[in-house]
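The values are calculated or read from the model by the stated rules, or taken from the named source; none is laboratory data. Keep in mind the model is a prediction, meaning the values are calculated, not measured. Heads up, the Cβs are rebuilt from the backbone with ideal geometry, glycines too, and the neighbour counts pull from every protein chain shown. In case anyone asks, the SASA skips ligands and DNA or RNA and just uses the protein heavy atoms, side chains included. Shrake-Rupley method; radii C 1.70, N 1.55, O 1.52, S 1.80 Å.
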Amino acid sequence: MKKSLFLIMILTSIFLSVNSFAQYSFQWISYMGSESWDLATDMVVTDDYLYLTGGFNDTLRFDNTENQLVSSGDRDVFLAKYSLDGDLLWVEQFSGPKYINSTSIAADNEGNILICGSYQQKLFMSSGDSLVADGFLDNYIIKISPDAEIVSSMRIKADCKSNPSYISVMENNDFIYSGSFYGKLCLNDTIQAI
């Protein structure tokens, strides 16, 4: 008896949820895609903009624009900035010889974007800066200005393996980063006692 009642409650919840979305309409639709593999992993909306991040390989194209990125490794990462009217304003690429992914982005009070993810071997930024991985899979946090300039970057590594999960920014612009790791954890080559 409990199972069937639970099922009815779930179906009722689903029905109510679907009906509550009937009041919304699309403001704009945008697309991006690759001939091979692509995945949008996170987005953040500020007062004026929408930022979208994800991964791809091969050639990634955005809408009907001239904007396209070509991956240089197994997987690269993109960060796209849109106006709230749906206009693509800029696209940044993070690349390397091997695997790179992004898992989360957040915006601070100054309009900067923080992006986190993981990479193998080396991560190249458009500024010419790079991060070199020490382990099998290191993590990164990159802070980018509203004009697509790299403000700062941080490498996070563990003895064996680390997995980034989420980044969030507090009111005072400090950030919170979550993930998992095995062994000792190093932030910018400084071992953290945990």
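Among 25, 104, the sequence by solvent-accessible area, most first, with a 1.4 Å probe is 25, 104.
Estimated at the nearest 10 Å², the accessible area of residue 37 is 80 Å² with a 1.4 Å probe. In the assembled protein chains, residue 61 presents an accessible area of approximately 100 Å² (probe radius 1.4 Å).
On full extension, the segment bounded by residue 66 and residue 36 gains 8.9 nm, given 0.36 nm per residue less the C-alpha separation.
Taking all protein chains as shown and a probe of 1.4 angstrom, residue 134 keeps an accessible surface of around 100 Å². Magnitude of the charge dipole for the range 71-165, about its Cα centre and with charges confined to Cβ atoms of Lys, Arg (+1) and Asp, Glu (-1), is about 420 debye.
The residues neighbouring residue 169, those whose beta-carbon lies less than 12 Å from its own, together hold a net charge of -3 under the Lys/Arg +1, Asp/Glu -1 convention. On the beta carbon distance between residue 180 and residue 121, with R0 = 22 Å, the FRET formula returns roughly 0.55.
Please say if the range 65-194 is rounded, prolate or oblate, where rounded means a/c under 1.5 for a ≥ b ≥ c the square roots of the C-alpha gyration tensor eigenvalues, and otherwise the choice is prolate for a/b larger than b/c and oblate otherwise? In terms of gyration-tensor shape, oblate. With all protein chains in place and ligands, DNA and RNA left out, the 1.4 Å accessible area ranks 50, 84 as 84, 50, largest first. Applying 1/(1 + (r/R0)^6) with R0 = 35 Å to the Cβ-Cβ distance of residue 147 and residue 58, what FRET efficiency is obtained, to the nearest 0.05? It comes out at approximately 0.80.
Taking 7 Å steps out from each Cα toward its Cβ at residue 43 and residue 99 produces label points 2.7 nm apart. Please report how far the C-alpha centroid of the range 111-128 lies from that of the range 29-69, rounded to the nearest whole angstrom. Comparing the Cα centres of the range 111-128 and the range 29-69, I get a distance of 16 Å. The Cα atoms of the range 107-167 give a gyration tensor whose axes a ≥ b ≥ c have a/c of 1.5 or more with a/b no greater than b/c, which makes the shape oblate.
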